[in-house]
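Engineer: Please read through the structure below; I'll follow up with questions.
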Amino acid sequence: MDPSQVKIPPMKDLTVDNITENVIRINSLCDDERMKYVLERLVTHLHDFARETRLSSQEWMTGLKFLTEVGQICTEVRQEYILLSDVLGLSILVDSIDHPKPSGSTEGTVLGPFHTHEAEELPAGGSMSKDPAGEPLLVVCNIRDTNGKPVEGVKIDIWETDSSGHYDVQHADREGPDGRCIMRSDKEGIFWFQAITPVPYPIPHDGPVGRLLKKLGRHPYRPSHMHFMFEKEGFDHLITALYLRNDPFETSDAVFGVKDSLVVDIKRAGPEYAAKYGVSEDHALLTYDFVLVSDVETRELREKNSKAALDKLGRKVKIVNGLPIPELD
Ligand SMILES: [Fe+2]
């Protein structure tokens, strides 16, 4: 629509009942169709939220102060907004919508607030942890595509806490990256490294998000896990994690990240792995087969899901830049 054709009525005498349509009308001057749609839905839900809860001025101010504090505690290495999104279930929801997975492929999960860009690349078999107190863990994984073909040259970003349940960036006296590394898959799609057995840990709960959890009567713990992020041209970016079975927080993760297909058992290396990877037979071992989805498969599935979801809401959609907007008659 040509923005110059939008008729804007005088914005006055606005009431509880007509404020929404008028705010939407003035926002519709925007010539970015996707942004216009997102804003239209945002304003609609936000206004309905206020009308439905009969939001008081005091509650409105409490909310604004809370968001201000969330922003104020953010630093280069602390992302309280991601944490807030995580504990509200928004992060996992957005990931599930934007990175749908056909059956048989590896599911995604929350990125969390502790990924950094400073990890060093490790050669195959290298050690990502400098923590002498952690239980040494051999990790051997392979990567295939959805046709079962090994995928070579994938960049894999891996990060985990130390044995006290803290990421390196949470230590004020840290000297550099620890508990994180970058690896590349070999010709057979294999990558392997030494780590430590993950432990459960609380998300940072000394800030506004922690206070919110306390008020809600929720604990701040995440079950033991190790994060993985996969990048290779032609494949959908996969952010995921592996969780240890029977962790005390397996079914009550503070950020809703656990999926059955990502729950693993820590085994013992045994004679075969011991001989092949140069560890003792009782060395802890984690193995996993990752399956990456191509960009094309993901785009098709995303579009199909979008159409089905908006159909259910009674809206016809068209896809612009890979994202749905309603099709206006
Ligand atoms: Fe984590």
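Coordinate-derived values only; no laboratory data. Owing to the predicted nature of the structure, the values given are computational and were not obtained by experimental measurement. Please note: Cβ atoms are built from the backbone with ideal geometry, for glycine as well, and neighbour counts cover all protein chains shown.
Engineer: Stokes-Einstein D for segment 1-117 at 37 °C, 0.692 mPa s, Kirkwood Rh over Cα pairs, in µm²/s? Before the final figure, lay out the partial values.
Structural biologist: Numbers: Rh = 17.8 Å.
Translational D for this selection: 184 µm²/s.
Engineer: Using Cβ contacts closer than 10 Å as the measure, can you line up Y37, Y167, Y288 from fewest to most?
Structural biologist: Details: Y37 19, Y167 23, Y288 16.
Going from least to most buried by this count: Y288, Y37, Y167.
Engineer: Further question on the same structure: Assuming 1.567 mPa s and 4 °C, estimate D for segment 13-52 with Stokes-Einstein, Rh taken as the Kirkwood radius over Cα pairs, in µm²/s.
Structural biologist: On the way: Rh = 10.4 Å.
Diffusion coefficient, whole number: 124 µm²/s.
Engineer: Output wanted: per-residue J couplings in Hz (rounded whole) for segment 77-88, from phi through Karplus 6.51 cos²θ - 1.76 cosθ + 1.60, θ = phi - 60°, x for Gly and Pro.
Structural biologist: For segment 77-88, the Karplus-derived couplings read 10, 10, 10, 5, 5, 5, 4, 4, 4, 4, 6, 8 Hz, x marking Gly and Pro.
Engineer: Rounded to the nearest 500, what is the chain's calculated 222 nm mean residue ellipticity when only DSSP H runs of at least 4 contribute -39500 (n - 2.57) each, over all residues?
Structural biologist: Working: 8 runs with 97 residues, N = 329.
Calculated from helices alone, the mean residue ellipticity at 222 nm is -9000 deg cm²/dmol.
Engineer: Could you work out how much longer the chain between T146 and K215 gets when fully extended? Use 0.36 nm per residue separation minus the Cα distance between them, nm to one decimal.
Structural biologist: On the way: separation 69, 0.36 × 69 = 24.84 nm, distance 4.42 nm.
Answer, rounded to one decimal: 20.4 nm.
Engineer: Taking the alpha carbon gyration tensor of segment 130-286, what are the square roots of 5 times its eigenvalues, largest first, to the nearest whole Å? Present the calculation step by step, with values, prior to reporting the outcome.
Structural biologist: Details: eigenvalues 160, 74, 53 Å².
They are 28, 19, 16 Å, listed largest first.
Engineer: Then there is this: Mean separation of Cα pairs under 8 Å and 6+ residues apart, divided by the residue count of segment 1-55: what relative contact order is that in percent?
Structural biologist: Details: 27 pairs, mean separation 19.3, N = 55.
Computed over segment 1-55, the figure is 35 percent.
Engineer: In whole Å, what are the extents of segment 63-211 along the principal axes defined by its C-alpha atoms, from largest to smallest?
Structural biologist: If we take the Cα atoms of segment 63-211, the spans are 53, 40, 23 Å.
Engineer: Continuing with this model, one more query. Quick check: pseudo-label points 7 Å beyond the Cα along Cα→Cβ at T53 and E135, how many nm apart are they?
Structural biologist: 4.3
Engineer: Which value results when the Cα radius of gyration for segment 207-329 is divided by 2.2 N^0.38 Å? Don't skip to the answer; put the middle values down first.
Structural biologist: On the way: Rg = 21.0 Å, N = 123, 2.2 N^0.38 = 13.7 Å.
Relative to the rule-of-thumb radius for its length, segment 207-329 sits at 1.53.
Engineer: Name the most mobile residue of S261, S185, S224, meaning the one with the largest mean-square fluctuation, in a Gaussian network model of the chain with Cα contacts below 10 Å.
Structural biologist: Most flexible of the set in this elastic network: S261.
Engineer: Who wins for biggest fluctuation among D31, D86, D236 in a Gaussian network model of the chain, springs between alpha carbons below 10 Å?
Structural biologist: D31
Engineer: Continuing with the same structure: Rounded to the nearest 0.05, what FRET efficiency do D173 and H117 have when you use their Cβ-Cβ distance and R0 = 30 Å? Walk me through the numbers on the way to the answer.
Structural biologist: Values: r = 21 Å, r/R0 = 0.70.
E between D173 and H117, to the nearest 0.05, is 0.90.
Engineer: From the backbone phi of segment 204-221, what are the Karplus-calculated ³J(HN,Hα) couplings (6.51 cos²θ - 1.76 cosθ + 1.60, θ = phi - 60°) in whole Hz, Gly and Pro given as x?
Structural biologist: Per residue, the Karplus-derived 3J(HN,Hα) values read x, 10, 9, x, x, 5, x, 5, 4, 4, 4, 4, 7, x, 9, 7, x, 7 Hz.
Engineer: Hey, in the GNM for the chain with a 10 angstrom Cα cutoff, which one of M183, M11, M229 fluctuates hardest?
Structural biologist: M11
Engineer: OK, next. Full-extension gain between N305 and T197, please, as 0.36 nm times their residue separation minus the C-alpha to C-alpha distance. Could the numbers behind the result be given before it?
Structural biologist: Values: separation 108, 0.36 × 108 = 38.88 nm, distance 3.71 nm.
Length difference between fully extended and current span is 35.2 nm.
Engineer: Okay, next question. Would you give the gap between the C-alpha center of segment 233-276 and the C-alpha center of segment 175-230, rounded to a whole Å?
Structural biologist: If we compute the Cα centre of each part, the gap is 11 Å.
Engineer: Under 5 Å between amide hydrogens, which residues at least 5 positions from V291 or on another chain qualify, with H placed 1.01 Å from N in the peptide plane?
Structural biologist: Residues meeting the criterion, in which the H sits 1.01 Å from N, are T106, R144.
Engineer: Got a sec? How would I158, I239 order by Cβ neighbour count within 10 Å, fewest to most? Show your work: numbers first, answer last.
Structural biologist: Working: I158 23, I239 19.
Ordered by Cβ neighbours within 10 Å, fewest first: I239, I158.
Engineer: Determine ³J(HN,Hα), in whole Hz, for all residues of segment 230-247 in sequence, where each value follows from phi through the Karplus function 6.51 cos²θ - 1.76 cosθ + 1.60 and θ = phi - 60°; x replaces Gly and Pro.
Structural biologist: 10, 9, 7, 4, x, 10, 5, 4, 10, 10, 8, 7, 10, 10, 7, 5, 6, 5
Engineer: Report the dimensions of the chain along its three principal axes from the alpha-carbon atoms, largest first, rounded to Å.
Structural biologist: 79, 45, 33
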